[in-house]
Structure formats: structure tokens, C-alpha cells
1. Assuming Pro244 fulfils every condition listed in (1) modelled with pLDDT of 85 or more; (2) open to solvent by less than 60 Å² (accessible area, probe 1.4 Å) apart from one, which condition is it?
2. Might you check whether a residue that is assigned to a helix (DSSP H, G or I) and closer than 24 Å to Phe284 by Cα occurs anywhere in region 101-112?
3. Please work out if Ala88 is open to solvent by 40 Å² or more (accessible area, probe 1.4 Å), of a type outside the set (Ser, Thr, Tyr) and without any contact (Cβ under 8 Å) to a residue 60 or more places away in the chain.
4. Identify, by number, the condition in (1) open to solvent by less than 40 Å² (accessible area, probe 1.4 Å); (2) in contact (Cβ under 8 Å) with a residue 40 or more places away in the chain that Lys73 doesn't meet.
5. In the list Gly68, Gly62, which residue meets the criterion of being modelled with pLDDT of 90 or more, open to solvent by less than 90 Å² (accessible area, probe 1.4 Å) and out of contact with any helix residue (DSSP H, G or I) (no Cβ under 8 Å at 6 or more places or on another chain)?
6. Any chance you could count how many residues in region 71-109 are at pLDDT below 90 and of a type in the set (Val, Ile, Thr)?
7. Does Ser212 fit the bill of being small (Gly, Ala, Ser) and surrounded by 16 or more Cβ atoms within 10 Å (Cβ to Cβ)?
8. Just to be sure before I move on: is Leu207 buried (at least 16 other Cβ atoms within 10 Å of the Cβ), out of contact with any Phe, Trp or Tyr (no Cβ under 6 Å at 6 or more places or on another chain), at pLDDT 85 or above and aliphatic (A, V, I, L, M) in the structure I sent?
Amino acid sequence: MLRTMLKPLAASVPPRLVFTFLRFMQPLLIRRIIELVGEPNSKSADNRGWGLTAAVGLVYFGLALTGGAYQHKANRMATMVRGSLVNAVYAQTLELSIISLDESAAVTLMSSDVERICEPLISIHNMWSSPIEIALAIWLLSREIGISLLGPLLITGLAISGPFLISGRMGKAQMTWIKRIQTRIDTTAKMLDSIKGVKMLGLSPKLSSIVSQLRLDEVTESLKMRKLMVAMITFGNMSDILAPGAAFAIYVIVATINGQTLDVTSAYTALSLIALLVAPIRAFVFSTPPLIAAI
């Protein structure tokens, strides 16, 4: 599959790189705008103001353009993977004998399994782009707030450790859940194939209760997977909630000891950089477990 989809996979890389570059232009623009606002009125300041206005417009227009192009290419690749996998399953069913063919297994593979493979593929580029963005954000933050970077770094370490703790369990939980889905579909299909005999023997209520119980068992089994998803979301949002507070708490302690003050320019630039640090962390945390489960 990787060999077949190499070109569609690579097509998302250039717009993703440009998207990353434009995102990191934002804190630099914020710094320049705040510095400009603090200056007295002058002709040169007006000219720089118009220049910054144009730069902001170009950056956000570029973000919309490259973000849309990247998402389009990623979704296109996932659609191609879906078509290839469904076709492969169908081709395999044609080669099997009637005795060994399990129709419910084929239906489950074409729906549930293929869907759980294709969904994580849309965010597969976060696996290489997120570490680059995290490294860039850390470097820029270290220049802006110095040792106070230790706060966001600690939160980052905790957030990134989450996927590695739950990834193994997620694959097993998903497999068990899919098996329950297949059992329910298999039973339902066989009941519908024999619906005339079921009606003649008056077994409709009995078989209906069996299918309902299978559905309940499936939902109960899915709770393991859903609890792991809750844990994944918790780790993903941890940095967003805690990183700014941790950074400024350490900054205030260090500044108090050294007799420094936090100026407006540094505060807003640091906040924008922390936001840029948090976004790839969240993307990496949300992408890793589903990808491992898809494998």
C-alpha cells in the first residue's frame, strides 16, 4: 500500500511545509505589531504599519490556501486507500470457494476495518511535521522566555508520553470491538437469509432478542476503546490547558529573583509561541494511537 500510494502521500508534503513556515511567521508579526504600537506616530511608522497589514493578509491567505491544499491531498490519498482496500477484499471474495467464504467478515472488513484504517491516514503527516514544529517552537520560546521554557517542556513531555502508554492497548481493544461487530453482522445476515423459516416457526421475537443482546455486548466491548480515546483526548488537551500557566509561573519566579519585569511584547509573543507549541503536541498525541491501531 505504501509503494502504491507513495506519490499521493508525497503530494501533501510541500503544502504542509509551507503551512508550517507561515504558522511560525505569526509570532514574529505579533512582536513587530506590538513594537510598532508602542512607537510615536511618524511617516515611517505609518509605512511600516501598512507593510505589516499586507504581511498579515498574505500570511493568513497563505495559511488558508496551503491548509486547504494539504487537507485536500490527504483526503484524496485516504479515499484512494479506501478504494484499493475495498477492491482487494472484493477480489479475494471472488477467489474463495462458497464453503470457505464468510460474507459477514467481508462486509465488516469493507466497512468497519477499512474505515479505521483510512481515518488515521488523513493525519499521517502529523507524525513528521509535529516534531519539526515542536522543535521550532521550543527554540523560539527559549530565546523569548529563557529558563521558563522548562514549564512547557515538562507538560510537553507528559503529553507526548500519553500515546505510547495507550497505543498498545488501543489496538487490542479495537480488535476485540471489531470481532463483536462481525459476530453481530454474521448473526443478522444469517437470520435475514432464513427469514421465511424464522417467520413460519414464530422465532422472530427470540432471534430479535438475540441480535439485541449481541448489540449490547458490542457496545459493552466498545467501552474499552472509548475509555482509551478519553485518555488520549485528556493527554492531547493537557498542554493546551497547563503550558501557558506553567511557563509564566516560572517566568514570574525567575523575574522576581532577578528583579526583572515581564513586558507586553514578550508576554504576547510567548503566548503565541506556546499556542504554536501546543498545536503540534495535540496533533501528535491524537494521531499516534489511531495509526498504531490501524496497523
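The values are calculated or read from the model by the stated rules, or taken from the named source; none is laboratory data. Source: prediction; values computed, not measured. A quick note on method: Cβ atoms are made from the backbone with ideal geometry, for glycine too, and the neighbour counts reach across all protein chains shown. Just the protein is used for accessible areas: all its heavy atoms, side chains included, with ligands, DNA and RNA removed. Shrake-Rupley method; radii C 1.70, N 1.55, O 1.52, S 1.80 Å.
1. With (1) modelled with pLDDT of 85 or more; (2) open to solvent by less than 60 Å² (accessible area, probe 1.4 Å) applied to Pro244, the lone miss is (1).
2. Of all residues in region 101-112, those assigned to a helix (DSSP H, G or I) come to 103-112.
Still in the running and closer than 24 Å to Phe284 by Cα: 112.
Yes, some residue in region 101-112 is assigned to a helix (DSSP H, G or I) and closer than 24 Å to Phe284 by Cα.
3. Numbers: open to solvent by 40 Å² or more (accessible area, probe 1.4 Å): yes; of a type outside the set (Ser, Thr, Tyr): yes; without any contact (Cβ under 8 Å) to a residue 60 or more places away in the chain: yes.
Spelling it out, Ala88 is indeed open to solvent by 40 Å² or more (accessible area, probe 1.4 Å), of a type outside the set (Ser, Thr, Tyr) and without any contact (Cβ under 8 Å) to a residue 60 or more places away in the chain.
4. (1)
5. On inspection, the qualifying residue turns out to be Gly68.
6. Selection size over region 71-109: 6.
7. no
8. Judged against the criteria, Leu207 is a match.
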